[in-house]
Amino acid sequence: MMNFELSQEQEMVRKVVRKFVDEEINPYIQEWDERGHFEPSVMKRLADLDLMGVCIPEQYGGSGMDYNTLAIVCEELERGDTAFRTAVSVHTGLNSLTLLQWGNEAQKQKYLIPQAKGEKVGAFGLTEPGAGSDVASLKTTAVKDGDHYILNGQKTWISLCDHADHFLVFAYTDKDTKHKGISAFIVERTMPGFSSRGIKGKLGIRAGNTGELFFDDVKVPEENLLGKEGEGFKIAMAALDNGRFTVAAGACGQILACLEESVRYCHERETFGKEIGRHQLVKQMIANMEAGYQMSRLLVFKAGELKNQGKRNTRETSLAKWQACDFANEAANDAVQIHGAYGYSNEYPVERFLRNSKAPVIYEGTREIHTIMQADYVLGYRSDKPLSQMLPAWPYSDVKEEV
Ligand SMILES: Cc1cc2nc3c(=O)[nH]c(=O)nc-3n(C[C@H](O)[C@H](O)[C@H](O)COP(=O)(O)OP(=O)(O)OC[C@H]3O[C@@H](n4cnc5c(N)ncnc54)[C@H](O)[C@@H]3O)c2cc1C
């Protein structure tokens, strides 16, 4: 069924997040960004507002709302700043939804419930110094030792590295079988041998926390293996289907913020005796932003609808992520252009938007990786079958009956 209207509940959530962003993020974000400061109380406030487990079923501590409500939350958060949408992307998109999809009941009780309630924060450790797009070249190892695994290795560019309590970590349990030898583990920050270190000097998302994870003989109990040994690659790719969805939705919010700032400036600034919005070439930039916003949103909601139906959506999510992030990057570039020299300074937020809009074109699949994926689908080199474990369809009342 196609419906382009937000439900009353979705509209209410949108208003709550917008108010939160306008009152509790926007007044402070420039200072946090300049200081490179991640404000942890924002996560606490997101928990107070029941936004840390938006589409996790209520039985697992979440709000039980649908995927497009998660999209709306991400859009509104990134209208403020990319940092907090990124935090929700890794906490809910990459970590909690992965526990919902692949976790056993004990893992859901121990890790998913506190995460969905926002009592604990989750993150996702896949990338390594020598392994980004090429996941199978990762080097972290997990060696079975009695009823534990011993993890050794290093991750880098991990969002929430210094703030998360739980990490989904991908490591080789069998080096000889390439990506079929990767396994997924739930690692707690408090486990001896684990440490983290933030990265300084980032181009954007400076109000976010990104950095390295180190595993020095970290003893992880066997019950923290997610799925089966060797399923890690499949689990990581399925996690990205959800993470990418939140990134795409957030990009819509980035475009919206560019539009709002640009429209305001178009009415304020005059050249050659008229508002700059009256010049055709400026109108073109505004029109491109609007087109990018509307098209991206449609792609996001289409992917969200497939998720609601419990159907595989790798192709649609990849397309939404690729296009929305490119549109957002272009919108931010044009927003600076519209502001002229003033856009080149932090007197206006558009320079932050431009810096922030670059990472989403790189993370959760670079522009090039998504381009190749889309071409491969069309050419018939790639097709998706339902996974052995799919996320439950929404509404979740059916799940409750099964349990
Ligand atoms: C702010 C930020 C936050 C992040 N958060 C996380 C996180 O929480 N968890 C996590 O695990 N990772 C995270 N990442 C890492 C991110 O996912 C990787 O940076 C991304 O996967 C790309 O990998 P790479 O940087 O190693 O680039 P590479 O894979 O080394 O790519 C370099 C260039 O080569 C191109 N390229 C690579 N392979 C091909 C190909 N086959 N065909 C054509 N072009 C190709 C790429 O598109 C890119 O332009 C984050 C990154 C950033 C910037």
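The values are calculated or read from the model by the stated rules, or taken from the named source; none is laboratory data. Owing to the predicted nature of the structure, the values given are computational and were not obtained by experimental measurement. Reconstructed Cβ throughout: ideal geometry from the backbone, glycine too, with neighbour counts over all protein chains shown.
Condition test on Ile286, is it closer than 27 Å to Ile25 by Cβ and not assigned by TED's automatic domain parsing to the domain that holds Thr156?
Yes, satisfied.
Please enumerate the residues belonging to segment 313-334 that are within 18 Å of the chain's Cα centre (by Cα), farther than 12 Å from Cys252 by Cβ and not polar (S, T, N, Q). Explain how you work it out, then say what you get.
Filtering segment 313-334 down to residues within 18 Å of the chain's Cα centre (by Cα) leaves 313-329.
Add one more test, that the residue is farther than 12 Å from Cys252 by Cβ, and what stays is 313-319, 322, 326, 329.
Those that are within 18 Å of the chain's Cα centre (by Cα), farther than 12 Å from Cys252 by Cβ and not polar (S, T, N, Q): Arg315, Glu316, Leu319, Trp322, Asp326.
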Would you confirm whether any residue within segment 225-243 is in the same structural domain as Gly153 (by TED's automatic domain parsing) and in a strand (DSSP E or B)? yes
Go through the residues of segment 383-402 one by one and say whether even a single one is farther than 27 Å from His91 by Cα and surrounded by 14 or more Cβ atoms within 10 Å (Cβ to Cβ). no
Is there a residue being in a helix (DSSP H, G or I) and more than 21 Å from the chain's Cα centre (by Cα) anywhere in segment 200-221? no
Test each condition in (1) farther than 22 Å from Ser89 by Cβ; (2) more than 16 Å from the ligand (Cβ to nearest atom) for Pro349 and report the one that comes out false. (1)
Those residues of segment 353-379 which are assigned to a loop (DSSP other than H, G, I, E, B), within 7 Å of the ligand (Cβ to nearest atom) and of a type outside the set (S, T, N, Q), in sequence order: Tyr363, Glu364, Gly365
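Would you be able to say whether some residue in segment 299-309 is closer than 19 Å to Arg244 by Cα and within 16 Å of the ligand (Cβ to nearest atom)? Can you show your working first?
Step one: of segment 299-309, the residues closer than 19 Å to Arg244 by Cα are 299-309.
Retained after the next criterion (residues that are within 16 Å of the ligand (Cβ to nearest atom)): none.
Taking every residue of segment 299-309 in turn, none turns out to be closer than 19 Å to Arg244 by Cα and within 16 Å of the ligand (Cβ to nearest atom).
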Does segment 34-76 hold any residues that are touching a Ser or Thr at 6+ places or on another chain (Cβ under 9 Å), among the hydrophobic types (A, V, I, L, M, F, W, C) and within 17 Å of Gln10 (Cβ to Cβ), and which are they? Leu51, Val54, Cys55, Ile56, Leu70, Ala71, Val73, Cys74
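Matching residues to (1) surrounded by 22 or more Cβ atoms within 10 Å (Cβ to Cβ); (2) free of Cβ contacts under 8 Å to residues at least 60 places away in the same chain:
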| position | (1), (2) |
| --- | --- |
| Asp174 | no, yes |
| His179 | no, yes |
| Gly198 | no, yes |
| Glu212 | no, yes |
| Val220 | yes, no |
| Glu223 | no, no |
| Gly230 | no, yes |
| Ala249 | yes, no |
| Cys252 | yes, no |
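Residues are listed down the side, and each one gets a yes or a no for (1) touching a residue at least 12 places away in the same chain (Cβ under 8 Å); (2) more than 13 Å from the ligand (Cβ to nearest atom):
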| position | (1), (2) |
| --- | --- |
| Ala87 | yes, no |
| Gly93 | yes, no |
| Thr98 | yes, no |
| Trp102 | yes, yes |
| Ala106 | yes, yes |
| Leu112 | yes, yes |
| Gly118 | yes, yes |
| Thr127 | yes, no |
| Gly130 | no, no |
Which of (1) assigned by TED's automatic domain parsing to the domain that holds Gly181; (2) more than 15 Å from the chain's Cα centre (by Cα) does Val42 not meet, given it meets every other one? (1)
How about segment 1-75: which helices (runs of 4 or more DSSP H) wholly inside it have at least 3 residues that are without any contact (Cβ under 8 Å) to a residue 60 or more places away in the chain? 8-20, 41-48
Does segment 148-166 include one or more residues that are crowded, with 17+ Cβ neighbours inside 10 Å, acidic (Asp, Glu) and either within 13 Å of the ligand (Cβ to nearest atom) or over 18 Å from the mean Cα position of the chain (by Cα) (or both)? yes
Pick from segment 121-144 the residues that are in contact with a strand residue (DSSP E or B) (Cβ under 6 Å, 6 or more places away or on another chain) and under 28 Å from Gly53 (Cα atoms): which of them is surrounded by the fewest Cβ atoms within 10 Å (Cβ to Cβ)? Thr127
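Going by the conditions given, is Gly340 without any contact (Cβ under 8 Å) to a residue 12 or more places away in the chain and not hydrophobic (A, V, I, L, M, F, W, C)?
Working: without any contact (Cβ under 8 Å) to a residue 12 or more places away in the chain: no; not hydrophobic (A, V, I, L, M, F, W, C): yes.
Against the criterion (without any contact (Cβ under 8 Å) to a residue 12 or more places away in the chain and not hydrophobic (A, V, I, L, M, F, W, C)), Gly340 does not qualify.
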Any residue that is at pLDDT 95 or above, within 23 Å of Gly132 (Cβ to Cβ) and in a helix (DSSP H, G or I) - is there at least one of those in segment 334-351? no
